[in-house]
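> The structure is given below, and queries will be raised subsequently.
The values are calculated or read from the model by the stated rules, or taken from the named source; none is laboratory data. Every value quoted in this text rests on a predicted model; they were computed, and no experiment measured them. All Cβ positions, even for glycine, are placed from backbone atoms using ideal geometry, and neighbour counts span all protein chains on display. Each accessible area value is taken on the protein alone, full model and side chains, heavy atoms only, with ligands, DNA and RNA left out. Shrake-Rupley method; radii C 1.70, N 1.55, O 1.52, S 1.80 Å.
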Amino acid sequence: MRVAVFPGSFDPIHIGHVDMIQRALPLFDQIIIGIGVNSQKKYLFPVETRKSWIEEIFSNEKKICVIKYQGLTIDFCKQHHANFILRGLRTSADFEFERAIAQMNQALHRDIETVFLIANPSLSMISSSIVRDILLHRGDVAQFVPEEIEDRVMLNEDRE
Ligand code: ADP
């Protein structure tokens, strides 16, 4: 069984993430979307909101589940018997950052491989942090987030 963890903050999930997940689906039997919770980090949306949005977007996809976690991603992988970590590469900066993490993870746990997919060129400029910036300044992010959640993302009330 090929089980992959797709880790991230998904604060909020955007169409670049969705594209990555859809393209990875044929490669794996199961994809666990892991929402990493770091107590030092400040998020725009509560983790339960981020989780329920992802569950809603992929409600028809049996291969996908969404689980939040704390601590190291490789420990989360081991806990769920996942042998792959899925990551997206948008830029060379992403590559340099991801390379070190993937190599450290490989040193810590040989059986877990990190698999990279290159971002879709028409979506590679999208990041959660820019989406958050636009939201904080009351801009329109409708074209960057999945249609199912766009109204709620634009509302203030869900924010932390
Ligand atoms: P993190 O909080 O670890 O930076 P994110 O929640 O921003 O993670 O993203 C999770 C994963 O999705 C990362 O592997 C990231 O490279 C990938 N990703 C983010 N934006 C895009 C995009 N526009 N196209 C493809 N992959 C993306």
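> Which pairs have Cβ atoms under 6 Å, sit 6 or more apart or on different chains, and link a residue in the stretch 2-20 that is closer than 22 Å to Ala102 by Cα to one that is crowded, with 21+ Cβ neighbours inside 10 Å and of a type in the set (Asp, Glu)?
From residues that are closer than 22 Å to Ala102 by Cα, there are no pairs.
> Consider Val37 carefully, then state whether it is open to solvent by less than 80 Å² (accessible area, probe 1.4 Å) and without any contact (Cβ under 8 Å) to a residue 40 or more places away in the chain.
yes
> Sticking with this structure for a sec: Are there any pairs with C-beta distances below 6 angstrom linking a residue in the stretch 44-59 that is of a type outside the set (Phe, Trp, Tyr) to a residue that is in a helix (DSSP H, G or I) and open to solvent by 40 Å² or more (accessible area, probe 1.4 Å), with the two at least 6 apart or on different chains, and if so which?
Listed by first residue and then by second, the contacts come to Leu44/Arg132; Glu56/Glu148; Ile57/Glu148.
> Of Ala119, Ala107, Ala102, which residue is more than 18 Å from Phe10 (Cα to Cα), in contact with a strand residue (DSSP E or B) (Cβ under 7 Å, 6 or more places away or on another chain) and among the hydrophobic types (A, V, I, L, M, F, W, C)?
Only one candidate passes the filter, namely Ala102.
> How about the stretch 101-121: which of its residues are part of a helix (DSSP H, G or I), open to solvent by 50 Å² or more (accessible area, probe 1.4 Å) and either more than 22 Å from Gln79 (Cβ to Cβ) or more than 10 Å from the ligand (Cβ to nearest atom) (or both)?
Gln103, Met104, Gln106, Ala107, Leu108
> OK, next. Before we move on, is Ile126 buried (at least 18 other Cβ atoms within 10 Å of the Cβ) and in a loop (DSSP other than H, G, I, E, B)?
Judged against the criteria, Ile126 is a match.
> If you don't mind, there's one more thing I want to ask. Name the residues in the stretch 88-100 that are part of a strand (DSSP E or B) and without any contact (Cβ under 8 Å) to a residue 60 or more places away in the chain, would you?
Leu89
> In the stretch 56-84, what count of residues is obtained for those that are open to solvent by 20 Å² or more (accessible area, probe 1.4 Å), farther than 17 Å from Ala24 by Cβ and either in a helix (DSSP H, G or I) or of a type in the set (Phe, Trp, Tyr) (or both)?
5
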